[in-house]
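Note sheet for the following structure.
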Amino acid sequence: MSFEVHDCAAMSVKLKTAILLYENSNGHSGTSYATIHPVDAGENNGPPVIRAGRPADRSSLKSVCASLLEASRVRSGVLTDNILNVGLEHVVWWQRPGQRTYFFDCRPGAEGSVSVGKRAGTGLTPGIVFVAKGQSMWAYAVKGDGRPDADTQLCHLPTMNVWEDGKVCTGSMPLPDSTVAESVAAWEKSFWDSNFSHPNHPKPVNYKGGVHQFCIDLLDGKFKKFPQRVLRPIKGLTLGQLVDRLDGLAED
């Protein structure tokens, strides 16, 4: 058996370890057991020899997978400073705090409640971390004006159409076909050109009157700067932890 490795960063490779996968002998499909074996290179161009192995436990499998995932990370060229992470199937980027046009198309509130209704206008935004993966999108708020790093705490985005885990309810939003770094402007355009229509979890914002009242005050220009006090941290989720999840390296 022969194969070719196409990797511009690899000068040469050699066989080091073999993982043998076993399935049940009763005919049920699926792998049920694995062993990890050292491999001796064959002498005088002879075939390599698989030596006695050991059972593959959770720790050893995670170590192998982590090493392979790290080796398979996308090797990008020069990236703009808004790009935070690029993977094989995802891109993570940061939108600076500023102003954007919001479009709302909300149902009238029940008696005694408030609703943004149907309106549009310019309003302040916090810093936002976006993720695009496949045909899905996530959005998180971050405090401060600086570029986020691995230790930056992620917060709920203080608006509508975003679930508690940060996933965007895309509905009929037209989505780009690509998740490469060059596609982030198209993803942002799809997000901001769509209507915010409904809250997707009970408390996306710390604000008296809730998210509808906050969005009304945002459009009415009540704030000179975005009020960071309204942002609600997502427990146990920093930017670094988010990236590890996307790369499959996070603990269960």
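Of note:
- The stretch 106-252 - Kirkwood radius from inverse mean 1/r over Cα pairs (Å): 16.3 Å
- Placing unit charges on each Cβ (+1 for Lys and Arg, -1 for Asp and Glu) gives the chain a dipole about its Cα centre, and among Val180, Pro38, Leu61 the Cα reaching farthest toward its positive end belongs to Val180.
- Convex hull projection area averaged over all views, the chain, Cα basis, nm²: 19.6 nm²
- Most to least packed among 129-136, 195-202 [average Cβ atoms within 10 Å]: 129-136, 195-202
- Helix 210-219 and the longest principal axis of the C-alpha atoms of the chain enclose an angle of approximately 70°.
- Length-normalised contact order of the chain in % [C-alpha pairs under 8 Å, at least 6 apart]: 15 percent
- Within the stretch 176-252, the trypsin sites (Lys or Arg not before Pro) that combine a DSSP coil assignment with at most 10 other C-beta atoms in a 10 angstrom radius are Lys208, Lys224, Lys225.
- Computed over neighbours whose Cβ is under 11 Å from that of Val116, the net charge equals 0, Lys and Arg +1, Asp and Glu -1.
- Extended-chain gain in nm, criterion 0.36 nm per residue less alpha-carbon gap, Leu20 and Asp193: 57.2 nm
- For the stretch 161-252, the list of GluC sites (Glu not before Pro) that fall in a loop by DSSP and count at most 16 other C-beta atoms within 10 angstrom reads Glu164, Glu251.
- The GNM of the chain, with springs linking C-alpha atoms under 10 angstrom apart, assigns the highest mean-square fluctuation among Thr80, Thr238, Thr17 to Thr17.
- Whether the stretch 56-189 is rounded, prolate or oblate, judged on the alpha carbon gyration tensor where a/c under 1.5 counts as rounded: prolate
- Whole-percent carbon and sulfur share, accessible surface of the stretch 172-236, 1.4 Å: 53 percent
- Taking 0.36 nm per residue of sequence separation and removing the Cα-Cα distance, the Tyr33/Gln99 pair yields an extension gain of 18.3 nm.
- Accessible surface, per residue, of the chain when the full set of protein chains is kept, probe 1.4 Å, Å²: 61 Å²
- Using alpha-carbon coordinates, inclination of helix 58-71 to the longest axis of the chain, degrees: 80 degrees
- Pairs exceeding a 21 Å alpha-carbon distance, out of Lys143/Lys225; Lys16/Lys62; Lys118/Lys235: Lys118/Lys235.
The values are calculated or read from the model by the stated rules, or taken from the named source; none is laboratory data. No experiment lies behind these values; they were computed from the predicted model shown. A quick note on method: Cβ atoms are made from the backbone with ideal geometry, for glycine too, and the neighbour counts reach across all protein chains shown. Ligands, DNA and RNA are excluded from the accessible area calculation, which covers all protein heavy atoms including side chains. Shrake-Rupley method; radii C 1.70, N 1.55, O 1.52, S 1.80 Å.
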